[in-house]
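Undergrad: The structure's right below; bear with me while I get my questions together.
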Amino acid sequence: MNLAIDIGNTLSKAAVIDNGQVIDIFKTETITLPYLDSILKRYPAVDRGILISTRDDEAEITRSLNDNLN
């Protein structure tokens, strides 16, 4: 199961994807570590992730993905 995160200038989105099918979509102004953790707890089968961002300040999110996913 995959987690795709798109962090834009005004809206951030995350999608949980399984076998090419979007299972769930999340939209928020900012993806914080607690927000990311809540997604990963809701979908413990997520084992891969990708982060796309227009910002340069997403090091914590990147580090969390690297630490929590295979």
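The values are calculated or read from the model by the stated rules, or taken from the named source; none is laboratory data. These figures come from a predicted structure and were not determined experimentally. Because the Cβ atoms are built from the backbone with ideal geometry, glycine has one as well, and the counts that use them run over all protein chains shown. The area values use the complete protein model at the heavy-atom level, side chains included, leaving out ligands, DNA and RNA. Shrake-Rupley method; radii C 1.70, N 1.55, O 1.52, S 1.80 Å.
Undergrad: Quick check for you: with a 1.4 Å probe and neighbouring chains kept, what is the accessible area per residue of the chain, in Å²?
TA: Per residue, the chain has 65 Å² of solvent-accessible surface.
Undergrad: Hey, another quick one. Give the residue list of trypsin sites (Lys or Arg not before Pro) in the stretch 25-70 that are DSSP loop and have at most 14 other beta-carbon atoms within 10 angstrom.
TA: Counting only loop positions with at most 14 other Cβ atoms within 10 Å, the trypsin sites (Lys or Arg not before Pro) in the stretch 25-70 are R55.
Undergrad: Another question about this same structure. Be a star and scan the stretch 6-37 for residues whose amide nitrogen sits under 13 Å from the point 7 Å along the Cα-to-Cβ vector of T54.
TA: Within reach of a label on T54: 6-13.
Undergrad: Would you please give the residues with an amide H less than 5 Å from that of G49, counting only those at least 5 places away or on a separate chain, with H modeled from the backbone geometry?
TA: For G49, whose amide H was placed from the backbone, the distant partners under 5 Å are L3.
Undergrad: Give a quick list of GluC sites (Glu not before Pro) in the chain that DSSP marks as loop, anything other than H, G, I, E or B, with at most 14 other Cβ atoms within 10 Å.
TA: E29
Undergrad: Just subtract the alpha-carbon distance of A4 and L69 from 0.36 nm times their residue separation and send over the number in nm, one decimal.
TA: Answer, rounded to one decimal: 22.2 nm.
Undergrad: Taking the 0 to 90 degree range and rounding to the nearest ten, how far is the long axis of helix 59-68 tilted relative to the main principal axis of the chain, both from C-alpha atoms?
TA: Taking Cα atoms only, the helix is inclined about 20 degrees.
Undergrad: Same structure, new question: When volume of the Cα convex hull per residue in Å³ is calculated directly from the model, which label among (1) 119; (2) 77; (3) 96 fits?
TA: Matching entry in (1) 119; (2) 77; (3) 96: (2).
Undergrad: Leaving ligands, DNA and RNA out of it, report the carbon-plus-sulfur percent of the accessible area of the stretch 7-70 at a 1.4 Å probe.
TA: C and S fraction of accessible area: 47 percent.
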